[in-house]
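Reading through the structure tokens given below for one structure.
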Amino acid sequence: MGVISRFRINLGTWLGRLFGKRRARIGIYGPPNAGKTTLANKIVADWSEGSVGTISHIPHETRRAVRKEGILISANNGSSIQLDIVDTPGMATKIDFKEFMAFGLSEPEAKKRAKEATEGVIEAIKWLDDLDGVLLVMDATEDPYTQVNVTVIGNMEARKLPLLIVANKMDLPEAAPTRIKAAFPQHPMVSISAMSGENLDVLYQTIANHFG
């Protein structure tokens, strides 16, 4: 771990002791390939050690919820929060094995992947019962209405889970995070690039304030 990373963790620990450490279990949700695992790995790399999962161009690479505990995030305003983050499989209403064959998987492999992905979606929905809040990661280059099932959003709202929308991939020229904000004006939103790290400082401060 580098000197800067150690400094940030030590500073976060000190702030947590000074102001009272808050803890929340946060689920990272969103459609396949929106950048959920990229963001989860970035959060862990910035504030702890290791990683959460494997990045892949093939949809539904994350097929089981993966939890990383004790991530202490400290915001610029002095607030801090300790997170247990849960990286969940991509939410999709329909998973077709032919989708995987387009990426070169054989038919038996594709059918196995589709079955695992379907089971993963069911698991992700069950996890909502054990969470304190949700980071909903969306691809800012895509139509928001084709990415997120309104029923899933309603499920989160019915549980009264604090929800923060993360409009990802703002580093790409075709990104239009304003479309996502217009689609879900009832929820706060932060635009970021999980890949480049752009605007993550704003995200961390918003997480500390929103879920604390």
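Just to check your reading of the model, which residue among E107, E142 is more than 29 Å from A175 (Cα to Cα) and out of contact with any strand residue (DSSP E or B) (no Cβ under 7 Å at 6 or more places or on another chain)?
E107
Among the residues that make up the range 115-131, is at least one of them assigned to a loop (DSSP other than H, G, I, E, B), crowded, with 18+ Cβ neighbours inside 10 Å, aliphatic (A, V, I, L, M) and at pLDDT 80 or above? Working first, answer last.
Our first condition is that a residue be assigned to a loop (DSSP other than H, G, I, E, B); within the range 115-131, this holds for 131.
Adding the requirement that they be crowded, with 18+ Cβ neighbours inside 10 Å leaves 131.
Now restrict to residues that are aliphatic (A, V, I, L, M): 131.
Subsequent filtering for residues that are at pLDDT 80 or above retains 131.
Looking through the range 115-131, at least one residue is assigned to a loop (DSSP other than H, G, I, E, B), crowded, with 18+ Cβ neighbours inside 10 Å, aliphatic (A, V, I, L, M) and at pLDDT 80 or above.
Looking only at the range 132-141, count how many residues are surrounded by fewer than 21 Cβ atoms within 10 Å (Cβ to Cβ) and either within 19 Å of A40 (Cβ to Cβ) or touching a residue at least 60 places away in the same chain (Cβ under 8 Å) (or both).
Of the residues in the range 132-141, 2 are surrounded by fewer than 21 Cβ atoms within 10 Å (Cβ to Cβ) and either within 19 Å of A40 (Cβ to Cβ) or touching a residue at least 60 places away in the same chain (Cβ under 8 Å) (or both).
Within the range 164-210, can you find the residues that are among the charged types (D, E, K, R), surrounded by fewer than 21 Cβ atoms within 10 Å (Cβ to Cβ), more than 18 Å from I81 (Cα to Cα) and in contact (Cβ under 8 Å) with a residue 60 or more places away in the chain?
Answer for the range 164-210, where residues must be among the charged types (D, E, K, R), surrounded by fewer than 21 Cβ atoms within 10 Å (Cβ to Cβ), more than 18 Å from I81 (Cα to Cα) and in contact (Cβ under 8 Å) with a residue 60 or more places away in the chain: there is none.
How many residues does the range 81-104 contain that are under 17 Å from G30 (Cα atoms) and in contact with a strand residue (DSSP E or B) (Cβ under 8 Å, 6 or more places away or on another chain)? Explain how you work it out, then say what you get.
Residues of the range 81-104 under 17 Å from G30 (Cα atoms): 85-95.
Cutting the leftovers down to in contact with a strand residue (DSSP E or B) (Cβ under 8 Å, 6 or more places away or on another chain) gives us 85-88, 91.
The qualifying residues number 5.
Do any residues in the range 111-131 that are closer than 14 Å to T88 by Cα have Cβ atoms under 7 Å from those of residues that are basic (K, R), where the two are at least six apart or on different chains, and which pairs are they?
Correct list of pairs: E116/R63; A117/R63; G120/R63; G120/R64; E123/R64; L128/R159; D130/R25; L131/R25.
Restricting to the range 100-115, name every residue that is within 21 Å of Q147 (Cβ to Cβ) and either of a type in the set (S, T, Y) or in contact with a Lys or Arg (Cβ under 9 Å, 6 or more places away or on another chain) (or both).
Of everything in the range 100-115, those that are within 21 Å of Q147 (Cβ to Cβ) and either of a type in the set (S, T, Y) or in contact with a Lys or Arg (Cβ under 9 Å, 6 or more places away or on another chain) (or both) turn out to be F100, R113, A114.
Mind telling me which of the residues S74, S51, S80 ends up being more than 23 Å from V148 (Cβ to Cβ), under 14 Å from the mean Cα position of the chain (by Cα), modelled with pLDDT of 60 or more and of a type outside the set (V, I, T)? Reasoning before the result, please.
Working: S74 fails: under 14 Å from the mean Cα position of the chain (by Cα); S80 fails: under 14 Å from the mean Cα position of the chain (by Cα).
Unique residue meeting the criteria: S51.
Restricting the search to the range 78-101, which residues are of a type in the set (G, A, S) and closer than 25 Å to V152 by Cβ?
Selection gives G90, A92.
Say we look at the range 144-156 and pick out the residues that are in contact (Cβ under 8 Å) with a residue 12 or more places away in the chain and not in a loop (DSSP other than H, G, I, E, B); which of these is surrounded by the fewest Cβ atoms within 10 Å (Cβ to Cβ)?
Applying the filter and picking the extreme gives Y145.
Looking only at the range 171-199, which residues are in contact with a Pro (Cβ under 6 Å, 6 or more places away or on another chain) and either under 21 Å from L161 (Cβ atoms) or assigned to a loop (DSSP other than H, G, I, E, B) (or both)? Before you say what the answer is, go through the steps one by one.
Within the range 171-199, the subset in contact with a Pro (Cβ under 6 Å, 6 or more places away or on another chain) is 179-180, 183, 191.
Scanning the range 171-199 gives I180, A183.
The values are calculated or read from the model by the stated rules, or taken from the named source; none is laboratory data. Keep in mind that what you see is a predicted model, and the values were worked out from it rather than measured. When we count neighbours, we look across all protein chains shown, and the Cβ atoms used for this are built from the backbone with ideal geometry, even at glycine.
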